[in-house]
Amino acid sequence: MLDRRQLLGAGASAAAVAIASRGWAAPSDPGAGARLTALLDGFFQENLEAQPEGATELGFDKGANAALKSRLEDVSSAGMAKARSLNAEHIRKLKAIDRSRLKGMDRVNYDTVLYVEETTKPLLDLDIGGRDGFSPSCYVISPITGAYQRVPVMLDTKHAVETAADAEAYLARLDAFATALDSNTDRFRHDVGKGVVPPDFLLDITIGQLGALRVSADKSDLVASLDRRARAKGLGDGYGPKAAAIYDQKVGPALDRQIAALKAVRPSAVHDAGVWRFKDGPAFYAANLRYTTTTNMTPEEVHKMGLDQAAEIGARLDVLLRKQGLTQGTVGQRIAGLYKDPSLYYPNTDAGRAALLAGLQAKLKEVEARLPRMFD
């Protein structure tokens, strides 16, 4: 999965070219602008090599990057160390450019990428959790993080199988998937050693999802996806058995080890989801807040803002609900009651479904009318 560091590095490079070609910004010093463009292009390539799944998602796993189609990101402790090293090198190279010689979008791109790199650094330095999804997670394995979550979907929906080389690359990635699972399991144990244990309800969901993935090879979508698509392209019927062998010998056992590791800590897990429970929890929360939102507000200030907004919205809802004759119970209880009112549902009939679609189309037209105000 592409993370924001990768996306913004790529986006800044593309934006610099697009904006310059349209003449919207004053030009930078030619030497500094060219140096920045070359640097961002280099960052983009380094990020593709560090996260090969991103190359596949962007359609860049071809030509000179064809080897990336057979690889997955190194999510081991060694891989995390490389990510920290690459992050530090990016910051050093960016700061070696004289920002005062950049103008217009070159300066915006410089500031954007430097911001992402600098706000990524404290998260990497804490050495806990993972990087899947929109924002970093303090849990390397959870209902929404971990190789078990992202790799099967990527292989089925993004990894094209058009040629024998594509099919062989799929097999290589299936083998690498087992390695990624074990790396995640090792990292999970590493984090548990630092006191970072997911709450009981997250562990239960994760164990259930892993269990659903851990089936026999003849029922595995990981095997069926390659077999089906290889046959459809006339590549023969040999890839299904090859994928099944890798699943039986490597992927299945790696899933078993991961399930066992999560089950081992389940008895000691607590129900409280707050990251304040961890030694590095407050630092992680503050760093993630800065990375994800760009705010300079402290966690305490953001929390107070949330409470104030909830109180304000709750007061407004109370007025609206009272106008509907709903006066009993808390605001939350009254809203929950709305979901039980059959008069507020479309009937489960053909006519009801048609009315629902018509209502949605009307809402879409309202949105479309406003789009020119928001986008070029």
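The values are calculated or read from the model by the stated rules, or taken from the named source; none is laboratory data. Bear in mind the structure is a predicted one, so any value in this text is a computation, not a measurement. We place every Cβ from the backbone using ideal geometry, glycine too, and count neighbours over all the protein chains shown. Surface areas here come from the heavy atoms of the whole protein model, side chains and all, with no ligands, DNA or RNA. Shrake-Rupley method; radii C 1.70, N 1.55, O 1.52, S 1.80 Å.
According to the square roots a ≥ b ≥ c of the eigenvalues of the Cα gyration tensor, what is the shape class of segment 306-376, taking rounded for a/c under 1.5, prolate for a/b larger than b/c otherwise, and oblate for the remainder?
On the way: a/c = 3.27, a/b = 1.23, b/c = 2.67.
Oblate, because a/c is 1.5 or more while a/b does not exceed b/c.
Need the list of aspartates and glutamates near K304 for cross-linking: C-alpha distance under 19 angstrom, and skip anything on the same chain fewer than eight residues off.
Reachable aspartates and glutamates: E312.
If you take the Cα atoms of segment 225-359, find Rg, then find the Kirkwood Rh from the mean of 1/r over all pairs, what is Rg/Rh?
Dividing the radius of gyration by the Kirkwood radius yields 1.19.
Taking the Cα atoms of segment 253-315, report the difference between the largest and smallest coordinate on each principal axis, in whole Å and largest first.
Extents along the principal axes: 51, 28, 21 Å.
Just to be sure I understand the model, the point goes 7 Å from the Cα along the line to the Cβ. What's the resulting S77 to A232 distance in nm?
4.3 nm
Points 7 angstrom from Cα along the Cβ direction at I91 and E312: gap in nanometres?
Between I91 and E312, the label points sit 3.5 nm apart.
Would you kindly calculate the translational diffusion coefficient of segment 291-343, applying Stokes-Einstein with the Kirkwood radius from alpha carbon pairs, for 10 °C and a viscosity of 1.306 mPa s, and quote it in µm² s⁻¹ without decimals? Could you put the intermediate results ahead of the total?
On the way: Rh = 13.2 Å.
Rounded to a whole number, D works out at 121 µm²/s.
With a/c under 1.5 counting as rounded, go ahead and sort segment 30-188 into rounded, prolate or oblate using the C-alpha gyration tensor (a ≥ b ≥ c being the square roots of the eigenvalues; past the cut-off, prolate if a/b is larger than b/c, else oblate).
Values: a/c = 2.55, a/b = 1.45, b/c = 1.76.
Oblate, because a/c is 1.5 or more while a/b does not exceed b/c.
Give the separation of the Cα centroids, segment 326-366 to segment 262-303, in Å.
Distance between centres, Cα-based: 35 Å.
Considering the values (i) 34.5, 122; (ii) 24.9, 69; (iii) 20.7, 77, which represents Rg and Dmax of the Cα atoms in Å as calculated for the structure under consideration?
After the calculation, the listed value that fits is (ii).
Where the accessible area of segment 228-363 is counted over protein heavy atoms with a 1.4 Å probe, how much of it, in %, is carbon and sulfur?
Details: 5570 of 9200 Å².
About 61 percent, which is the carbon plus sulfur part of the accessible surface.
Give me the distance in nm between label points sitting 7 Å out from Cα along the Cα-to-Cβ direction at R84 and D218, one decimal.
Label at R84, label at D218, 4.8 nm between them.
Once R0 is set to 22 Å, what does the formula 1/(1 + (r/R0)^6) return for the Cβ-Cβ distance between M305 and S135, expressed as a FRET efficiency to the nearest 0.05? Don't skip to the end; give the middle numbers.
On the way: r = 18 Å, r/R0 = 0.83.
My answer for the efficiency is 0.75.
Considering only N184, V116, Y170, whose Cα is most displaced toward the positive end of the charge dipole of segment 25-184, charges sitting on Cβ of Lys, Arg (+1) and Asp, Glu (-1)?
V116
From the helices alone, meaning DSSP H stretches of at least four residues, give me the mean residue ellipticity at 222 nm for the chain, per-run term -39500 (n - 2.57), in deg cm²/dmol to the nearest 500. Numbers along the way, then the final one.
Details: 15 runs with 248 residues, N = 376.
Result for the chain: -22000 deg cm²/dmol, rounded to the nearest 500.
Answer rounded, prolate or oblate for segment 160-239, using the Cα gyration tensor with square roots of eigenvalues a ≥ b ≥ c: rounded when a/c is under 1.5, else prolate when a/b is larger than b/c, else oblate.
Since a/c reaches 1.5 and a/b is larger than b/c, the shape of segment 160-239 is classed as prolate.
Hey, if you drop one equal point scatterer on each alpha-carbon of segment 60-136 and run the Debye formula without solvent, what base-10 log of I(q)/I(0) do you get at q = 0.12 Å⁻¹?
-0.48
Which of the residue pairs K103/K279; K121/K242; K323/K365; K219/K363 have a Cα-Cα distance greater than 32 Å in the structure shown? Walk me through the numbers before you get to the answer.
Numbers: K103/K279 43 Å; K121/K242 41 Å; K323/K365 29 Å; K219/K363 41 Å.
Over 32 Å Cα-Cα: K103/K279; K121/K242; K219/K363.
Solvent-accessible area of T293, probe 1.4 Å, all protein chains present, reported in Å² to the nearest ten, please.
T293 exposes around 70 Å² with every protein chain in place.
How big is the equivalent ellipsoid of segment 109-198 along its three axes, where each semi-axis is √(5λ) from the Cα gyration tensor, reported in whole Å from largest to smallest? Before the final figure, lay out each step's value.
Details: eigenvalues 155, 82, 22 Å².
Rounded to whole Å, the semi-axes are 28, 20, 10.
So for the chain, averaging the separation of alpha carbon pairs under 8 Å that are six or more residues apart and normalising by length, what relative contact order in percent results?
On the way: 394 pairs, mean separation 56.5, N = 376.
With pairs under 8 Å counted, the relative contact order is 15 percent.
Taking only Cα atoms and a 10 Å spring cutoff, compute GNM fluctuations for the chain and point out the largest among Y170, Y291, Y346.
Y346
Residue farthest toward the positive end of the dipole of segment 278-376, with Cβ of Lys/Arg at +1 and Asp/Glu at -1: which of V331, Y346, Q361?
Checking the options against the dipole of segment 278-376, the answer is Y346.
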